[in-house]
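Have a look at the structure below before the remarks.
The values are calculated or read from the model by the stated rules, or taken from the named source; none is laboratory data. Remember, predicted model here, so these are calculated numbers, not experimental data. Because the Cβ atoms are built from the backbone with ideal geometry, glycine has one as well, and the counts that use them run over all protein chains shown. The area values use the complete protein model at the heavy-atom level, side chains included, leaving out ligands, DNA and RNA. Shrake-Rupley method; radii C 1.70, N 1.55, O 1.52, S 1.80 Å.
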Amino acid sequence: MTFLEVTPGSSPLVLGLPHTGTDLPEDCAARLNQRGLEIADTDWHIHDLYAGLIENVSCVRTTVHRYVIDVNRDPSGQSLYPGQNTTSLCPTTDFDGNTIYYDGQEPDAAEVARRQALYHAPYHTALEAELARVRDLHGFAILYDCHSIRSHIPFLFDGTLPDFNIGTNLGTTCDSTIEKAVGDICADAQGFSATINGRFKGGWTTRHYGRPLDGWHAIQMELAQSTYMLEQPPWTYEPALAESLRGHLKTILQTLHNWKPQ
């Protein structure tokens, strides 16, 4: 599967990278309007932001864009945030509520099922296999799901998003000491704001794999893109701005790498 990038590591830590891809297969791209082709809702540069922060961690990444199919959504199509604006398994609007398909070209049920089988299922097969391999090595595994989003999107949330948005589905997806350790690092990060289980409580990936009683712990980090990049086209990565953030992210990853069940 050329759209999957799997890097096995010896650490108990596994990084999920579901939304950094920008690839649009031709059959999908032909349906998208100009707004869709702009792929504005990418988790821009996240794989670069985390690159080199820690050795020996496993990474699972898809290069396919979330407009094709969102691998962080429930494959059944059930909403993660009932009653709130969000995007679907195969999004038909962007984060601002704008249509991304030409009229009549939105994916129907058969097309959604095709994309689910072609892209969504293989990503999770790879991710689950890596988590299982790591748990066999250590007796537990920690999934750290890497995300970012523009800090101001009125369609999705009011006001300005905090810099660090930690999601554990109200503390159910990981040991409480994992949530506390990450939360404390973010709270102590000078010049940054943080919240736990605010607007983002963890996507389907975090909720699906977060099974602490089975030795599978999962935590999502949604970063405000204002902390490391230009939040408008051309979506430029700004290394000087990202330097401080990377230091805190390195501390988080090292802490999770060293974590042991109590």
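Kindly establish whether His138 is open to solvent by 10 Å² or more (accessible area, probe 1.4 Å) and under 29 Å from Phe164 (Cα atoms).
Considered against the rule, which asks whether it is open to solvent by 10 Å² or more (accessible area, probe 1.4 Å) and under 29 Å from Phe164 (Cα atoms), His138 comes out as yes.
Among the residues of region 119-132, is there at least one that is out of contact with any Ser or Thr (no Cβ under 9 Å at 6 or more places or on another chain), farther than 18 Å from Gly16 by Cβ and of a type in the set (D, E, K, R)?
No, because not a single residue in region 119-132 is out of contact with any Ser or Thr (no Cβ under 9 Å at 6 or more places or on another chain), farther than 18 Å from Gly16 by Cβ and of a type in the set (D, E, K, R).
Return yes or no: is Ala218 touching a residue at least 12 places away in the same chain (Cβ under 8 Å), open to solvent by less than 30 Å² (accessible area, probe 1.4 Å) and assigned to a loop (DSSP other than H, G, I, E, B)?
no
For region 19-69, which residues satisfy the criterion of being assigned to a loop (DSSP other than H, G, I, E, B), within 19 Å of Thr206 (Cβ to Cβ) and open to solvent by 40 Å² or more (accessible area, probe 1.4 Å)?
Within region 19-69, no residue meets the criteria.
Just the residues that are over 24 Å from Ala40 (Cβ atoms), of a type in the set (A, V, I, L, M, F, W, C) and under 19 Å from the mean Cα position of the chain (by Cα), please, taken from region 75-130.
Ala121, Ala126, Leu127, Ala129
For Thr173, which of the numbered conditions (1) in a helix (DSSP H, G or I); (2) under 21 Å from Leu17 (Cα atoms); (3) open to solvent by less than 30 Å² (accessible area, probe 1.4 Å) fails to hold?
Unmet condition: (1).
Take region 187-205 and flag every residue that is out of contact with any Pro (no Cβ under 9 Å at 6 or more places or on another chain) and either open to solvent by less than 10 Å² (accessible area, probe 1.4 Å) or of a type in the set (Ser, Thr, Tyr) (or both).
Across region 187-205, the qualifying residues are Ala189, Gly202.
Considering region 4-29 alone, what residues qualify as being touching a residue at least 12 places away in the same chain (Cβ under 8 Å) and aliphatic (A, V, I, L, M)?
Within region 4-29, Leu4, Val6, Leu13, Val14, Leu15, Leu17, Leu24 qualify.
Restricting to region 171-198, what's the tally of residues that are within 16 Å of Thr227 (Cβ to Cβ) and among the charged types (D, E, K, R)?
1
Please go through region 80-108 and pick out each residue that is surrounded by 14 or more Cβ atoms within 10 Å (Cβ to Cβ), in a loop (DSSP other than H, G, I, E, B) and of a type in the set (Ser, Thr, Tyr).
If the condition is that a residue be surrounded by 14 or more Cβ atoms within 10 Å (Cβ to Cβ), in a loop (DSSP other than H, G, I, E, B) and of a type in the set (Ser, Thr, Tyr), then Thr86, Thr87, Ser88, Thr92 are the ones that fit.
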